[in-house]
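Bear in mind that the values in this text are calculations on the coordinates, not laboratory data. No experiment lies behind these values; they were computed from the predicted model shown. Cβ placement follows ideal geometry from the backbone for every residue including glycine, while neighbour counts extend to all protein chains displayed.
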Amino acid sequence: MCNLLEQQGVRFWLMGGWGVDALLHRQTRPHKDLDALVLLDDLPALWNLLDAQGFTLRHVWEENRWLEEEPHRWPTAFVVADRDGRELDIHVISIEPNGVIVQRYDNPWPFPDDITGQGSIAGVTITCVSRETQLAMHTGYTLPDSQRRDLDLLQTD
């Protein structure tokens with residue numbers, strides 16, 4: 001899916017479990033979805049790609065804010081899935097001209113100034129959120145065991 005996003009010009013940062021694995025350059029556990037931050041400007045291209053690939057909206061997160069751009073209404077924190085059960089968990093951001101990152105959903109994470117990291121999955125280089133961003137995104141709530149293990153791996157690697 002990452003290759004398809006790149007081919008369609010959708011700018012994204014892998015996060016969550018696969019983002020941790022990218023930073024560690026190895027898969028550490030099975031994953032049920034692919035989590036990503038996506039730029040607001042790329043939402044039309046993202047939705048076109050998701051539609052073409054057979055993904056449909058499965059869940060809108062509580063922190064969602066709806067974006068109204070005639071004739072579309074897009075969520076900013078959501079999960080899509082296809083018939084094969086592949087899931088993408090997307091959160092929308094924008095970057096202001098001065099470089100400030102604006103999270104387009106409620107309950108934003110305490111991002112550092114630069115969120116960009118680089119990692120690899122199966123030997124393929126991928127843009128992901130930085131180690132510091134991963135750690136920041138996992139604060140302020142009770143973590144499931146898998147996410148606690150992810151953070152332990154990031155802090156000891």
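Quick notes on this structure:
- Most mobile listed residue (107, 64, 98) in the chain, GNM with C-alpha springs under 10 Å: 98
- Residues 116, 156 in ascending order of nearby Cβ atoms (within 10 Å, fewest first): 156, 116.
- Cut-off 10 Å between beta-carbons: net charge of the residues surrounding residue 77, Lys and Arg +1, Asp and Glu -1: -2
- Loop sites here are trypsin sites (Lys or Arg not before Pro) outside DSSP states H, G, I, E and B with no more than 14 other Cβ atoms within 10 Å. The longest part of the chain free of them is 84-157.
- Estimated from helical segments only, the mean residue ellipticity of the chain at 222 nm is -8000 deg cm²/dmol, where each DSSP H run of four or more residues counts as -39500 (n - 2.57).
- Whether segment 27-115 is rounded, prolate or oblate, judged on the alpha carbon gyration tensor where a/c under 1.5 counts as rounded: oblate
- Loop sites in segment 57-157: chymotrypsin sites (Phe, Trp or Tyr not before Pro), DSSP, at most 14 other Cβ within 10 Å: 66, 141
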